[in-house]
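Note sheet for the following structure.
The values are calculated or read from the model by the stated rules, or taken from the named source; none is laboratory data. Model, not experiment: these values are computed from the prediction. Neighbour counts run over all protein chains shown; Cβ positions are idealised from the backbone, glycine included.
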Amino acid sequence: MYAELGHFALILAFAVALFQMLVPLIGAWRGWPAWMAAAEPAAIAQCLLVTLSFGCLMHGFITSDFSLELVWANSHSAKPMLYKVTGVWGNHEGSMLLWILILALFGAAAAVFGSNLPPSLRARVIGVQASIGVAFLAFLIFTSNPFLRIAFPPFDGQDLNPLLQDPGLAFHPPFLYAGYVGLSMSFSFAVAALIEGRVDAAWGRWVRPWTLAAWMFLTVGIALGSWWAYYELGWGGFWFWDPVENASFMPWLIAAALLHSAIVVEKRESLKSWTVLLAIIAFGFSLIGAFITRSGVLTSVHAFANDPERGVFLLAITGFFMGGALVLYAARAETMTSKGVFGLKSRETALVLNNVLLAVAAFVVFVGTIWPLVAEMGFGRKLSVGAPFFNMAFTPFMVLLGVILPFGAMLSWKRAKLGRVARKLLPVAVLAIAIAALFWAMQDGRSALGPLGLGLGAWLIGGAVVDIWTRTGSGGFARLLRLPGADWGRVVAHGGLGVTLAGIAAMLAWQQEDIRVVQIGDTVELAGYAITLEDVREVRGPNYLSTTADIALARKGRDVATLHPEKRVYPVAAMPTTEAAIDNGFLRDIYVVIGDPQQGGGWAMRSYYKPLANWIWGGAMLMALGGGLSLSDRRFRVAAGAAKTTRRRDQVAAE
């Protein structure tokens, strides 16, 4: 009965979403307070119903109920409990239900925490958010029902894709979806403001925390996916420029631009039109990501489905929301005139340049991702756009962005003295150049990538330190602890970007690799480390068979670690996986993969020395932490209280 209950809850949620879409929007249009007030209980009711449906589906996976077709196709009774739970979203139907759940949670959050908004704007935001829910609930109910029964249930299931049976992939989709779907709130605020014909400083202040939360979740989700690809796929890389990887990266870039432009709207009432456009495009890229992963138009290891009919439905959803929002944007263009005037040397100019670089970088990624499809449809040619194109076309924009960030963060609004900021940053520039020169002299080859990346990382980290210290004035450390959360968030996020760029540059420039056939007892020398294959044995896991190697890692005669790389086979899915063994360190990773046995005896073994590998994900976590610190800034709450006070005064004056 629980499956039928979950299906019925979905249908009720669809009906409530229709009510939540129509009644508040009509109420805001006609000025009917009671109809506008219906938005809050409707949003909460929809969230509860979708949560109930999701809970019913999870119950089916936890109890291994193979009468449900989805459970049979994506689970197995011998699977560990963690992967039974995460199997809920390890497939197309379940992942779409998770998407809708997060969408409903954001709508309910807007209802609960949006009391500072004017009633009409609040009703329109929740109504627009509900319209997205209506579209995706219809998509799920009519094309991807997760509660289909099997007339004669089989004894056991077909198991989950073994690549997804991993802790990194267990938590990666929820964070990524929270980021994807969180951008729907920025979209809803943009469309609601366009309907009202009013975009002002208050709107910029209201949209920022929602965008910040989505960007923070997206950062964590992308980092988890990259970390998983690094240690699970066995190839030693952290980013492949896969179409689905790009589909998550594009909204991240646009959301970063949106965060910075919303600050200009809030502080200076400039860039209104551009900020609203970014809010629309950011969610548009999220919808494109859903289309890419489920339509089968582009091949990816991350794809959930390969169904053209579903792809057409998702393409129609994308076209409706993006097309409708852009038509409304064009119709309301005259209402978004900027009031603030600023000079060429100002923080506004730096933020405009920041936005241009991020937007162009996102466009480069979009072109490289979609061009194979365009070439095949338009010219009948099969093309592959790989890492060389992206590295060459994308990297210069990130380097320029890194160069201007410390300047932009320290410039004054409206008019700034560039020389004063340059003098404060001069020691950091000297340090960055010295670090780059030092590593240029120390390296064996003459590649500029490593020294340039470390120098740029030092520039960003040092610039963040100078930025936060100059804001203390004469207060010293006592003042430092009292700085607003947004100031700390900015410098931590910028410093985190510096750490990530340094890690990427060092890993790409100076990693060392050894691939050979080794016998039991053989030792491989790599970057000053001795890697010895001691034994290879067969191990039985809960739902897999493993060939596990015992490898001793030593340096200068001293034991460092014992590594256990694996080659697993999942009998039910009939699929092998590679489990790398990694000795993590602050300055380097030693990464070992065991391969297949060779005909002449011995085993194929790949060994890597990867400098600063963990800086990549450590920097990403610092960026997410910076987002969290900014989100905790009490000024968001003070602004909310001020908005309430202003609204009450306006009401008293009207009476």
Hits in the range 4-47 - residues which are aliphatic (A, V, I, L, M) and without any contact (Cβ under 8 Å) to a residue 12 or more places away in the chain: A15, I26, A34
By my count, strands (runs of 3 or more DSSP E) wholly in the range 475-545 with at least 3 residues that are within 37 Å of the chain's Cα centre (by Cα) are 512-518, 529-540
Does at least one position in the range 7-28 carry a residue that is buried (at least 17 other Cβ atoms within 10 Å of the Cβ), aromatic (F, W, Y), under 18 Å from V134 (Cα atoms) and within 29 Å of the chain's Cα centre (by Cα)? yes
For the range 231-242, state whether one or more residues are part of a helix (DSSP H, G or I) and over 16 Å from G284 (Cα atoms). yes
When the range 558-601 is examined, which residues are found to be of a type in the set (S, T, Y) and either under 10 Å from G234 (Cα atoms) or in contact (Cβ under 8 Å) with a residue 60 or more places away in the chain (or both)? Y570, T577, T578, Y591
Name the one entry in T335, T349 that is in the same structural domain as G289 (by TED's automatic domain parsing), under 28 Å from F407 (Cα atoms) and in contact with a Gly (Cβ under 8 Å, 6 or more places away or on another chain). T349
Of the residues T523, T470, T500, only one is in the same structural domain as D535 (by TED's automatic domain parsing) and not aromatic (F, W, Y); which? T523
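Table: residues versus (1) of a type outside the set (D, E, K, R); (2) more than 29 Å from R540 (Cβ to Cβ); (3) in contact with a Ser or Thr (Cβ under 8 Å, 6 or more places away or on another chain).
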| position | (1), (2), (3) |
| --- | --- |
| L70 | yes, no, no |
| A78 | yes, no, no |
| L82 | yes, no, no |
| V85 | yes, no, no |
| V88 | yes, no, no |
| L98 | yes, yes, no |
| L103 | yes, yes, yes |
| A108 | yes, yes, no |
